[in-house]
1. Would you mind getting me the FRET efficiency between Ile46 and Glu139? Use the beta-carbon distance for r and R0 = 45 Å, nearest 0.05.
2. Could you pull out the pairs from Lys48/Lys114; Lys114/Lys200; Lys55/Lys200; Lys20/Lys48; Lys114/Lys195 whose alpha carbons sit more than 19 Å apart here?
3. Calculate, in whole percent, how much of the Cα-Cα pair population of the stretch 26-128 lies beyond 21 Å.
4. Report, to the nearest whole %, how much of the accessible area of the chain belongs to carbon and sulfur atoms, 1.4 Å probe, protein only.
5. Extension gain Asn12-Phe27, at 0.36 nm per residue separation less the Cα-Cα distance, in nm?
6. Considering every Cα-Cα pair within the chain, what fraction, in whole percent, is farther apart than 24 Å?
7. So if I average 1/r over every pair of distinct C-alpha atoms in the stretch 1-77 and take the inverse, what Kirkwood radius in Å does that give?
8. For q = 0.22, 0.23 Å⁻¹, what log10 I(q)/I(0) does the stretch 92-202 give under the Debye formula with an equal point scatterer on each alpha carbon and no solvent?
Amino acid sequence: LENDLEIIFRKNLIFLSNVKYSILDNFNELYIPPVDTYPNQVRSDIKKYLNNFDKRVVIGRAELNYFESFNQSHFLRFSAGLYEDMFGGIGVDYLYHPQGSLFSAGAESYKVRKRDYKMGFGFSGYENSFSRVNFQAIEPYFDLYFRLSYGEYLATDIGYTFEIGRRFENGVEFTGFFTRTDVSEENYGEGSFDKGVRLKIP
């Protein structure tokens, strides 16, 4: 059972939350420990989070966002809370996008800490502060967008991500991406190259 909640206190102050409870699962069969990878183990211990789903109501998200804009070109978002199942923290996003322009640029900076396996309001030891810059261009004929971001990632590796995607009028969004960072092939299997596709259906 899962509940997603959005509370709009004002047009620029929004609270988002997600709570869930597992009625039936076999997550207790996930017992093989993850392999430690460079630079830091930030996602590979997901099994330990899943092991706790059948014990209590867990908090997947509890996030407060404040938005501000200036001159219809400069946009800011300040956020704090539990961003997802495994991490919480504080952060700020900035976007420069003049009204009607096909180009935009921005930056983001976050300080996050890993949540403990009980998925309440507690945290574990790992934390990181990281920042990235990004650029986006829209191709109007096919309604495609191209996005490039560069900076530090959650596990302290540094590199870039390139995305190409399209958002349709019905809200469906399809995106392909690849990422390269300074993680070596010896530490990351096929190397520092990561890729994938995303399909979002509202």
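The values are calculated or read from the model by the stated rules, or taken from the named source; none is laboratory data. The structure displayed is predicted, hence computed values, not measured ones. For neighbour counting, all protein chains shown are included, and Cβ atoms are generated from backbone atoms with ideal geometry for every residue, glycine included. The area values use the complete protein model at the heavy-atom level, side chains included, leaving out ligands, DNA and RNA. Shrake-Rupley method; radii C 1.70, N 1.55, O 1.52, S 1.80 Å.
1. Working: r = 36 Å, r/R0 = 0.80.
Taking R0 as 45 Å, the efficiency between Ile46 and Glu139 is 0.80.
2. Numbers: Lys48/Lys114 13 Å; Lys114/Lys200 26 Å; Lys55/Lys200 30 Å; Lys20/Lys48 16 Å; Lys114/Lys195 24 Å.
Lys114/Lys200; Lys55/Lys200; Lys114/Lys195, as the Cα separations exceed 19 Å there.
3. Here the long-distance tail beyond 21 Å is 50 percent of all Cα pairs in the stretch 26-128.
4. Ligands and nucleic acids excluded, carbon and sulfur give 60 percent.
5. Extra length from Asn12 to Phe27 when fully extended: 1.5 nm.
6. On the way: 10991 of 20301 pairs.
So the portion of pairs separated by more than 24 Å is 54 percent.
7. For the stretch 1-77, inverting the mean 1/r across all distinct Cα pairs yields 15.7 Å.
8. For the requested q values the scattering log ratios are -1.24, -1.25.
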